[in-house]
Every structure is written in C-alpha cells, then in structure tokens.
Amino acid sequence: MHANADIDPSPRRRHRVLRGGATLLGVLWALPLTLPGLLLGLAIVLWRGRLRFERAGPALIIRGPFADFLLAHHPFGAMSAMAIGHLIIAEQQGMTRQILTHELTHVRQAALWGIFFPFAYLAASLWARLRGRDAYWHNVFEIAARKAERH
Ligand SMILES: [Zn+2]
C-alpha cells in the first residue's frame, strides 16, 4: 500500500487545512462588517492613502491622511487605530507591535461574532456603564484586546 499525501494528510497538514477553513469562515462571517468598512477604506486609500495585507489576521491595514482625521475624531476619543471586520484603519505613522496585536484581537472577535459584533460591543460598553465603569476601558472586548497585547 502506498499512502497518498493528498488522501491521507499528516496531522499537521490536516490542522493547517482546518485552520485555513476556520479563517475563511471567519472572513465570510465578518463580511457584513468588512464590506461597509471597505467603502471607508477606499476613501482613505484614494486620498493619498496606503494599504497592506497582514497575514496574521488576516487583515487589510489602511492608512492615510483621511484615516488620521477619522481616528482623531473617534467618538470614544482619539485613537491610534481601529478595526472594522477584517480591516484595520491606522495612523499614517504606523502601529507598534502592541497596537497591531490589539487590533488583530478585534479582527478575531469580529470573525467570531460576525454581524453581531457591533451589537455585542455596544452591549459590553452599556454593561460597563451600568456598573459605573468606563464604556471603553471596561468593555470586555477591550479588556481582552489589552490582555492579548501583553502576550
Ligand atoms: Zn480596542
């Protein structure tokens, strides 16, 4: 008998295929967030912006003067980056490894929650407020992202 690698993949290869499948499902599941974000991303890129692909998300990282403007006027206060589905809108000056890790955590949260993520995020902010805490700082999704930064 001859084991065909295509029919009988090694456990490591099978694991990679499974992970690739899960990533693809996450990308599709978060598409209702990513697609509207792409309109914003397009506006940023067209206005002297840049974009690059980050495999670790996966995510598209978009920067430019318009991104700087949007981040400076974020409703939660000035931000250095923000994730929308599988997009990361970042300042022109770039992101530290720490900020990238933080935003990639939000990308993974979006891949997990899909269309429900904005609602879950707002509910978490509301929950924090109801307990007299800060809507942003004590939001469980932000706590998880900050925790990921430290690893
Ligand atoms: Zn965050």
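Here are some notes:
- Antiparallel bridges, percent of DSSP beta bridges restricted to the chain (to nearest 5): 70
- The chain: angle of helix 31-46 to the longest principal axis, Cα-based, in degrees nearest 10: 60
- Heavy-atom accessible surface of the chain, averaged per residue, reaches 65 Å², computed with a 1.4 Å probe.
- Loop-located chymotrypsin sites (Phe, Trp or Tyr not before Pro) across segment 53-122 with a Cβ neighbour count of 16 or fewer within 10 Å are Phe76, with loop assigned by DSSP.
- Loop sites in segment 64-151: trypsin sites (Lys or Arg not before Pro), DSSP, at most 13 other Cβ within 10 Å: Arg131, Arg133, Arg150
- Relative contact order of segment 26-75, defined on C-alpha pairs under 8 angstrom at six or more residues apart (%): 28
- Karplus-derived 3J(HN,Hα), 6.51/-1.76/1.60, for each residue of segment 122-134, Hz, glycine and proline x: 5, 4, 5, 5, 4, 4, 5, 4, 4, 8, x, 9, 7
- Derived scalar couplings ³J(HN,Hα) [segment 61-72; Karplus, 6.51 cos²θ - 1.76 cosθ + 1.60; whole Hz; x for Gly, Pro]: 9, 10, 9, x, x, 5, 5, 4, 4, 4, 5, 5
- Cα long-axis angle, helix 140-149 against the chain (0 to 90 degrees, to the nearest 10): 70
- For the chain, the longest principal axis of the C-alpha atoms and the axis of helix 97-113 are separated by about 70°.
- Translational D in µm²/s for segment 83-142 (Stokes-Einstein at 10 °C, 1.306 mPa s, Kirkwood Rh from C-alpha pairs): 129
- Solvent-accessible area, 1.4 Å probe, carbon plus sulfur percent, for segment 71-116: 61
- With all protein chains modelled, accessible area of Asp134 [1.4 Å, Å²]: 80
- Helical content of the chain, expressed as a calculated mean residue ellipticity at 222 nm, amounts to -18000 deg cm²/dmol (DSSP H runs of 4 or more residues, -39,500 (n - 2.57) each, divided by residue number, nearest 500).
- Percent of Cα-Cα distances greater than 26 Å, calculated over the chain: 32
The values are calculated or read from the model by the stated rules, or taken from the named source; none is laboratory data. Remember, it's a predicted structure, so these values are computed and weren't measured experimentally. So basically every Cβ, Gly included, is an ideal-geometry build from the backbone, and we count neighbours across all protein chains shown. Keep in mind that these areas ignore ligands, DNA and RNA; they rest on the heavy atoms of the full protein, side chains included. Shrake-Rupley method; radii C 1.70, N 1.55, O 1.52, S 1.80 Å.
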